[in-house]
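A.B. asks: Just passing along the structure, written as structure tokens.
The values are calculated or read from the model by the stated rules, or taken from the named source; none is laboratory data. As the structure is a prediction and not an experimental result, all values here were calculated from the model. Positions of Cβ are backbone-derived with ideal geometry, glycine not excepted, and every protein chain shown enters the neighbour counts.
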Ligand SMILES: Cc1cc2nc3c(=O)[nH]c(=O)nc-3n(C[C@H](O)[C@H](O)[C@H](O)COP(=O)(O)O)c2cc1C
Ligand code: SF4
């Protein structure tokens, strides 16, 4: 029943970062050598053929993004690795940075070749600043060995990477807020268009991708797109890193092929609910994801299966919640998080989270108004459709999924 594998994570514990010699011994930098031996166009075609989709949450096709990015010209083009990983319950990027920083950085250099980027930035969340030394040492070792800097591996590619440590705000994981914060402004999202591919950091063309996406690029170029597409499903090729957490016996980061069912993840890899208790629901994709009751355990983890239900895999977090949790307490914690993290720029998100908390409080205290069930859904839907950015749009996802899948738990059982 266990379906763990090691493709993106193949280098874990096989070398001691930042040791580039050890990394070379296990096949490190062969992807970069292959990429540099071919044209940027060939590289983009390989990533397109792999079907890789961005692992930061929005699942935008990476090859398509690289092709669009390559089309923009300019004296400076930025490439940013988004290591903000602020989504509660998500910790797979941290593992990649800790256990295989050279694999992540190699993916950034490969991508720079594909899109013609001149400067790289790794945006590290403040809570991961203990990794700064390791990343700086890895960059220094790569520079020393000719994998970064001017004329990489004797070719025409000039590209270097610096690390920027964020100040610890969830909204700064959103691509344009992240860029604003690097520019020294408050972390608030920008209007789109213009898209960052055209006008991003300092209004220069900028590609922003997730840590796991860059690790995926390294693995795909090293082994070939056909090895990657040999795993997963036709619509969701490859593997996904899962952050398994909550009331589960074996929490951790696991790599699974797409198509693995939630049951295989929770009951197989995770060895079931902690303490032998019953499962109440799983929350997929972090705090901005839906709550799925146990009937969903047979559902495969794939973009197509989730999209068919109007759901998203998000960051790939799987939070296991057992029978002892009151769903209203859970939803209150979700709303409190978003109230705290809302940047305040737009009304639906700034006010909506507060209003949801007010109604939840009445419901939890048993003094809900007859209009509260309708109002809470109306506010949640207003946030979903009218918020300015993804934070406000996804803040009510847990609530709306609970209303959809467990109405008796929220309303009926409480006489509403
Ligand atoms: C509120 C919010 C927070 C986000 N946080 C992250 C994050 O921590 N890491 C990340 O890679 N993407 C995050 N994203 C998605 C990014 O905006 C962007 O889509 C992603 O970095 C692109 O990389 P990808 O194509 O590799 O997925 C967030 C989006 C929103 C709306
Ligand atoms: S939805 Fe609006 S208030 Fe909320 S984080 Fe985005 S811009 Fe800021």
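A.B. asks: Pick from the stretch 191-206 the residues that are under 15 Å from residue 112 (Cβ atoms) and not in a loop (DSSP other than H, G, I, E, B): which of them is farthest from ligand 1 (Cβ to nearest atom)?
C.D. replies: Here the residue is 201.
A.B. asks: From 372, 329, 322, grab the single residue that is more than 15 Å from ligand 1 (Cβ to nearest atom) and farther than 28 Å from residue 278 by Cβ. Break it down stepwise before answering.
C.D. replies: Working: 329 fails: farther than 28 Å from residue 278 by Cβ; 322 fails: farther than 28 Å from residue 278 by Cβ.
Just a single option satisfies the conditions, and that option is 372.
A.B. asks: Check whether at least one residue in the stretch 382-395 is buried (at least 16 other Cβ atoms within 10 Å of the Cβ) and either more than 15 Å from ligand 1 (Cβ to nearest atom) or modelled with pLDDT under 95 (or both), and report yes or no.
C.D. replies: Yes, that holds for at least one residue.
A.B. asks: Against the definition (assigned by TED's automatic domain parsing to the domain that holds residue 148 and either more than 30 Å from residue 282 (Cα to Cα) or out of contact with any helix residue (DSSP H, G or I) (no Cβ under 8 Å at 6 or more places or on another chain) (or both)), how does residue 83 come out, yes or no?
C.D. replies: Numbers: assigned by TED's automatic domain parsing to the domain that holds residue 148: yes; either more than 30 Å from residue 282 (Cα to Cα) or out of contact with any helix residue (DSSP H, G or I) (no Cβ under 8 Å at 6 or more places or on another chain) (or both): no.
Considered against the rule, which asks whether it is assigned by TED's automatic domain parsing to the domain that holds residue 148 and either more than 30 Å from residue 282 (Cα to Cα) or out of contact with any helix residue (DSSP H, G or I) (no Cβ under 8 Å at 6 or more places or on another chain) (or both), residue 83 comes out as no.
A.B. asks: Out of the residues in the stretch 343-354 that are more than 12 Å from residue 396 (Cβ to Cβ) and crowded, with 19+ Cβ neighbours inside 10 Å, which is nearest to ligand 1 (Cβ to nearest atom)? Break it down into steps so the answer makes sense when it comes.
C.D. replies: Of the stretch 343-354, the ones more than 12 Å from residue 396 (Cβ to Cβ) are 343-347, 350-351, 354.
From the residues that got through so far, the ones that are crowded, with 19+ Cβ neighbours inside 10 Å too are 343, 346.
On the way: 343: 9, 346: 13 Å.
The extreme case among them is 343.
A.B. asks: A further question on this structure: Which number in (1) more than 15 Å from residue 28 (Cα to Cα); (2) under 19 Å from the mean Cα position of the chain (by Cα); (3) away from ligand 1 (no atom under 12 Å from the Cβ); (4) assigned to a helix (DSSP H, G or I) marks the one condition that residue 121 misses?
C.D. replies: Against the list (1) more than 15 Å from residue 28 (Cα to Cα); (2) under 19 Å from the mean Cα position of the chain (by Cα); (3) away from ligand 1 (no atom under 12 Å from the Cβ); (4) assigned to a helix (DSSP H, G or I), residue 121 comes up short only on (4).
A.B. asks: While we're looking at this one, here's another question. Determine, yes or no, whether residue 209 is closer than 22 Å to residue 101 by Cα, within 11 Å of ligand 1 (Cβ to nearest atom) and either within 18 Å of the chain's Cα centre (by Cα) or not assigned by TED's automatic domain parsing to the domain that holds residue 73 (or both). Outline the logic, then answer.
C.D. replies: Values: closer than 22 Å to residue 101 by Cα: yes; within 11 Å of ligand 1 (Cβ to nearest atom): yes; either within 18 Å of the chain's Cα centre (by Cα) or not assigned by TED's automatic domain parsing to the domain that holds residue 73 (or both): yes.
In short, yes.
A.B. asks: Continuing with the same structure: Tell me, which strands (runs of 3 or more DSSP E) lie completely within the stretch 240-295 with 3 or more residues that are surrounded by fewer than 24 Cβ atoms within 10 Å (Cβ to Cβ) and modelled with pLDDT of 95 or more?
C.D. replies: 252-257
A.B. asks: Can you name the residue in the stretch 169-199 that is surrounded by 14 or more Cβ atoms within 10 Å (Cβ to Cβ) and more than 15 Å from ligand 2 (Cβ to nearest atom) and is also farthest from residue 386 (Cα to Cα) among such residues?
C.D. replies: 182
Conditions (1) without any contact (Cβ under 8 Å) to a residue 40 or more places away in the chain; (2) buried (at least 23 other Cβ atoms within 10 Å of the Cβ), marked per residue:
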{"position": "20", "(1), (2)": "no, no"}
{"position": "26", "(1), (2)": "yes, no"}
{"position": "30", "(1), (2)": "no, no"}
{"position": "34", "(1), (2)": "no, no"}
{"position": "38", "(1), (2)": "yes, no"}
{"position": "47", "(1), (2)": "no, yes"}
{"position": "52", "(1), (2)": "no, yes"}
{"position": "61", "(1), (2)": "yes, no"}
{"position": "65", "(1), (2)": "no, yes"}
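A.B. asks: May I ask you to verify whether residue 357 is part of a helix (DSSP H, G or I), modelled with pLDDT of 95 or more and surrounded by fewer than 19 Cβ atoms within 10 Å (Cβ to Cβ)?
C.D. replies: It is true that residue 357 is part of a helix (DSSP H, G or I), modelled with pLDDT of 95 or more and surrounded by fewer than 19 Cβ atoms within 10 Å (Cβ to Cβ).
A.B. asks: Look at residue 323 and say whether it is at pLDDT 95 or above and either under 23 Å from residue 251 (Cβ atoms) or outside the structural domain of residue 257 (by TED's automatic domain parsing) (or both). Steps first, please.
C.D. replies: Values: at pLDDT 95 or above: yes; either under 23 Å from residue 251 (Cβ atoms) or outside the structural domain of residue 257 (by TED's automatic domain parsing) (or both): yes.
Yes; evaluated as a whole, the condition is true for this residue.
A.B. asks: Here's another thing I want to ask about it. Kindly indicate whether residue 112 is surrounded by 24 or more Cβ atoms within 10 Å (Cβ to Cβ) and under 18 Å from residue 66 (Cβ atoms).
C.D. replies: Answer is yes for this residue.
Every residue, every condition in (1) farther than 23 Å from residue 178 by Cβ; (2) touching a strand residue (DSSP E or B) at 6+ places or on another chain (Cβ under 8 Å); (3) not in a helix (DSSP H, G or I), yes or no:
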{"residue": "321", "(1), (2), (3)": "yes, yes, yes"}
{"residue": "336", "(1), (2), (3)": "yes, no, no"}
{"residue": "340", "(1), (2), (3)": "no, no, no"}
{"residue": "351", "(1), (2), (3)": "yes, no, no"}
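A.B. asks: Starting from residues that are assigned to a loop (DSSP other than H, G, I, E, B) and more than 20 Å from the chain's Cα centre (by Cα), keep the ones in the stretch 125-150 and report whichever is surrounded by the fewest Cβ atoms within 10 Å (Cβ to Cβ). I'd like the intermediate steps shown before the answer.
C.D. replies: Quick first cut of the stretch 125-150, residues assigned to a loop (DSSP other than H, G, I, E, B) only: 125, 145-148, 150.
Filter once more, keeping what is more than 20 Å from the chain's Cα centre (by Cα): 145-148, 150.
Working: 145: 15, 146: 14, 147: 23, 148: 24, 150: 11.
Among residues in the stretch 125-150 that are assigned to a loop (DSSP other than H, G, I, E, B) and more than 20 Å from the chain's Cα centre (by Cα), the one surrounded by the fewest Cβ atoms within 10 Å (Cβ to Cβ) is 150.
A.B. asks: Going by what's in this entry, would residue 310 be described as within 16 Å of ligand 1 (Cβ to nearest atom) and closer than 22 Å to residue 59 by Cβ? Walk me through how you get there before you give the answer.
C.D. replies: Details: within 16 Å of ligand 1 (Cβ to nearest atom): no; closer than 22 Å to residue 59 by Cβ: yes.
The answer is no for residue 310.
A.B. asks: Which numbered condition in (1) within 16 Å of ligand 2 (Cβ to nearest atom); (2) surrounded by 21 or more Cβ atoms within 10 Å (Cβ to Cβ) is the only one that residue 161 fails?
C.D. replies: So residue 161 meets the others, but not (1).
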